[in-house]
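Have a look at the structure below, then the notes.
The values are calculated or read from the model by the stated rules, or taken from the named source; none is laboratory data. A quick note: this is a predicted structure, and the numbers were derived from the prediction, not measured. Glycine also receives a Cβ, built like all others from the backbone with ideal geometry; neighbour counts cover every protein chain displayed. Surface areas here come from the heavy atoms of the whole protein model, side chains and all, with no ligands, DNA or RNA. Shrake-Rupley method; radii C 1.70, N 1.55, O 1.52, S 1.80 Å.
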Amino acid sequence: MTLAADEGLADFSNLLIYTAMAVYALTFVAYTAEWIFGSRSRVARTAAALSGEEAAAEPAAVPAQRPAVMVRKGGTTSVLERPRIVTRSSSPERDAVPDGPGAAGDDERGDTFGRIAVSLTTLAFLLHLGGVVARTIAVGRGPWGNMYEFSTAFSMVAVASYLGFLAFRRNIRWLGLPLVTTVLLDLGLAVTVLYNDSTQLVPALDSIWMWIHVPLAIICGALMYVGAVAAVLFLFRDRYEAKLVAGGQPGRFATSVLERLPSSITLDRFSYRINAAVFPFWTFTIVAGAIWAETAWGRYWDWDPKETWAFITWIVYAIYLHARSTAGWKGRRAAYLCIAGLVCFLINYYGVNIFFDSLHGYGGV
Amino acid sequence: MAKETVDQSTDEAATSGLSTAPVEEPEATVVAGSFGGTRQPGARGHLTWLGRELVGWARWFWRQLTSMRVALILLFLLALAAIPGSMIPQNNASTTTVQDFKERNPGLSSFYDRLQLFDVYSSVWFSAIYLLLFVSLVGCIIPRSWQFVGQLRGRPPRAPRRLDRMPAYTTWHTDAAPEDVLDAAHRQLRRRRFRADLREDAKPGWSHVAAEKGYLREVGNLVFHLSLVVLLIAFAAGRLYYAEGGKLVVEGYDFTNNLTQYDDFSSGPFYDTDDLGNFSFTLDEFHAEFTRSGPDLGTASRFDADVTYRTADGTERSTTIQVNEPLSIGDERVRLLGHGFAPVVRITDGEGNVAFSGPVPFIPQDQALTSVGVIKVTDYVGPDGRPDQLGFQGFFSPTYNIDEVRGPHSTFPDPDNPVLTLTGYRGDLGLDSGLPQNVYQLDTTHMEQMVDEETGDVFRFDLRPGESIELPDDQGTLEFQGFERWATFQISTRAGNGWALGGALAAIAGLAASLLLQRRRVWVRAHRHDDGHTVVEMASLGRTESGRIPVELASLAAALEPVAPMLPAEPEEAPGSDTSEESAAEGARP
Ligand code: HEM
């Protein structure tokens, strides 16, 4: 039964989502401003590092009077009165490449806009969260009963993980612009094409596993998404560094943008760590789904399209992890695999609900 | 992999075995077909040559199969091969959809049929891929398990000669004696639960501590892969030994778990139908609730089947089966699948005797439960006193409505305004033809449709519960007495479910250990420098490049400080500290 009060709450939820979208739009402007102002700073450190002029370009790297452990956290280097740790990675010629300073570069106005953007992101996130919570109360069940709700929850978790990384003082403000852009796209799609006021849950979906399987899928998907965005940026940045190594001269725009991103090694690791951490949870998501299918349909696995695509996604990520950890396939090929994994996830989520004939056809497009 | 950073001069032992990954063989050692030796003349020579050649090929093949590259290819193929099954209708999901597809695309279908594309997941090619993958997996994991056991028994590998080539490295000078530094390092490492070992270097007077930690990672990896094998076996067992049947039960009626009672039944090749559990149940009542307002008008919110079941030992219990809450009796599970209405009708024949009486399940066609069904009356005697047969077909609408487009139909799934709409036939139902007949369809080829005596139109009538109608030409009466609800149940059992669950949970635990833990080695070397100071060198090497490893090394170094305080000035010639590596310190990224 939908009470009038619930309908009022559902409308309120929609209002919050629309407001969040408006704030995300402002956020988008602020991040863009950060990038634009940041372009005034000149930070050609990569080329210097790769050509061996790093000592001049990077005064911080000149040995301190006393050796010290330098641990970089959140963009700052803390120098301790301790022995200094020298690290090497598997691509030694890139070891010296420093991380870019972030979108703002060393421009102060840019940095101000960056900070404004983060505040706005937080505000938009709170509105977004409020919308999802209001929806949950209005419909009296988990906020993932149809594709509209799934999409709003999905982008909410993606933003939450971004803010979470920032809260843990990880310097990932560079992720802000691509993230907010796609969140806006996702929400736009959700409120127009996918909108559905359905509150009901068909009895087959009324199960405790609904509260485990589906939210986990949303969380995993959102994190895989963040990992894939980093992988895409990695591909650009890697090409840029490779060009410099080869003695080429990338264009001015590419230089200006890519120079401010973290180094390819950092991007690659960031993406890998997210994906490696998500994989056990993604596995558990699939297992939870299988347990649920066993109670609801009497078989835990029957190659329903949704199951099949979850399996394909899982295998692609397994290939990614194998490739990364054993065959030394780091870098571009691993990045392609991780993007392919996300594409499989999206096919499973949008494609199967819309185009395939699946038992999971509750999508409510 | 870290291995790449270590140049050839580094002692192999230090870095080997850190991962259970198979070592990729250099391409040159696997030259197809040439396994050495020449063929001696005579039959014997021929045989030994053949034997050598066969063994050689078998070895080569096995090495290829268990290599990481082939495993990657097989995994890739598996993902690719799973795709067509999600796009082409599959027999395992619905044979009717497949039949439909075949009728619409006859040409394409024969092509698909030949490639087993309607049964992708049991096809030869799909099976071949995953079986090869699992052979590869076993061939890869088992030897490595032994190797790992060996490592557990052995001591942490000794330090490479040049520690400064390791992924994380530090060095400083101190006044403390080398033995004291090493002692302290050994203690520190032990306290941090490293397996640590004090060892002599090849260079006289030099020694170091070798330590290793994170073996659980390897255990996790092995457990994960072996669990995949358990999962596969459990899955296969479920395919071979299972029984699954469906039954429609009307309220007040019984079901006894017995092959003859099923509407449909299938089982795996190893399942013996004598194994069917000995139980029966009665559907006492079925409740359904539907939303009456808002955007979800008409969707179901609740289905409950109240049943009483009796087991072999004679106990009788009442319970409720819901959609996500099956009833378990022994190995069997009884699940609620669907529901509908069964109008109760009574038909008296031309002579006034009851020819038919009871509920007739009608099959829902839409969300509002517009249901179609047929009534077949076999023991009928016509007004002329001759035995004959009657058939009726039509609709049952729980909430009746009629319009020009859809004709009679239901607008809501609850029986707010139940109406039975029928037309009648008389003649041969065709039940004796020997051909199997669908109970929900009427074969009217040998029947004559009833016609209204006055208008000459087709005889079609609407009845509400309790109403009855005289059939034309004194053929008798049909009374719509009321209706019952029915529910369909699936009764199933499957081998290996417990193993599958256990395997899956073990796999997750293994994965978590394998992906979240770090396996790493730490070496601490201390020796006396020419100037009388002690040079301390520390290095660590991880399975994966983790930011935590340099941090850990830094904290170890800090812990050694009290024992080995650093001397202020760093001498120039500390091994390995050329400029390029100094700037690399910046690379100690979080
Ligand atoms: C069903 C197929 C398989 C799946 C889903 C799978 C999945 C995985 C995953 C998720 C990891 C963890 C990666 C990491 O430690 O970063 C892993 C590691 C590993 N896999 Fe597999 N695997 C499969 C088949 C195989 C096969 C066929 C082989 C043998 C050729 C194999 C050998 C290994 C090895 C040796 C590792 C450890 C890598 C290391 O220690 O660095 N796997 N596998």
Local electrostatic count at B:A513 - Lys and Arg +1, Asp and Glu -1, tallied over other residues with Cβ under 13 Å:
+2
Near B:T256, within a Cβ-to-Cβ distance under 12 Å, what is the net charge of the other residues, with Lys and Arg +1 and Asp and Glu -1?
+1
In nm, what is the difference between 0.36 nm times the number of residues separating B:H533 and B:T423 and their Cα-Cα distance?
28.6 nm
Among A:111-121, A:221-231, B:46-56, A:138-148, how do they line up from the highest to the lowest mean number of other beta-carbon atoms within 10 Å?
A:221-231, A:138-148, A:111-121, B:46-56
Quick one: with all protein chains in place, what share of the accessible area of the protein assembly as shown is carbon or sulfur, to the nearest percent (1.4 Å probe)?
59
Only helices counted: for chain B, with every DSSP H run of 4 or more residues adding -39500 (n - 2.57) and the sum spread over all residues, [θ] at 222 nm is -9500 deg cm²/dmol
Charge tally for neighbours of B:R494 with beta carbon under 14 Å away, counting Lys, Arg as +1 and Asp, Glu as -1, is -2
So how do B:T370, B:T378 rank on accessible area, 1.4 Å probe, biggest first, that is with the largest at the start?
B:T378, B:T370
Please compute the contact order of chain B in relative form: average sequence separation of alpha-carbon pairs under 8 Å and at least six residues apart, divided by the residue count, as a percent.
18
Inside 10 Å of the C-beta atoms of B:352-365, what's the mean count of C-beta atoms belonging to other chains?
0
extent check for segment A:104-176: Cα max minus min per principal axis, descending, whole Å, gives 49, 20, 17
Cβ neighbours within 10 Å, averaged per peptide: list B:344-354, A:253-263 in order, most packed at the top.
A:253-263, B:344-354
By accessible area (1.4 Å), largest first, B:K213, B:K203 order as B:K203, B:K213
Residue by residue through B:528-540, how many Cβ atoms from other chains fall within 10 Å of the Cβ on average?
1
When all protein chains stay in place, what accessible area (Å², nearest 10, 1.4 Å probe) is found for B:F303?
40
Can you sort B:I142, A:I339 by 1.4 Å-probe accessible area, starting with the largest?
B:I142, A:I339
Which of the residue pairs A:K330/B:K213; A:K306/B:K102; A:K306/A:K330 have a Cα-Cα distance greater than 26 Å in the structure shown?
A:K306/A:K330
Two-decimal Rg/Rh across the protein assembly as shown, once Rg and the Kirkwood Rh are taken from alpha-carbon atoms
1.08
How shielded is B:292-300 by partner chains, expressed as the average number of their Cβ atoms within 10 Å of its Cβ atoms?
5
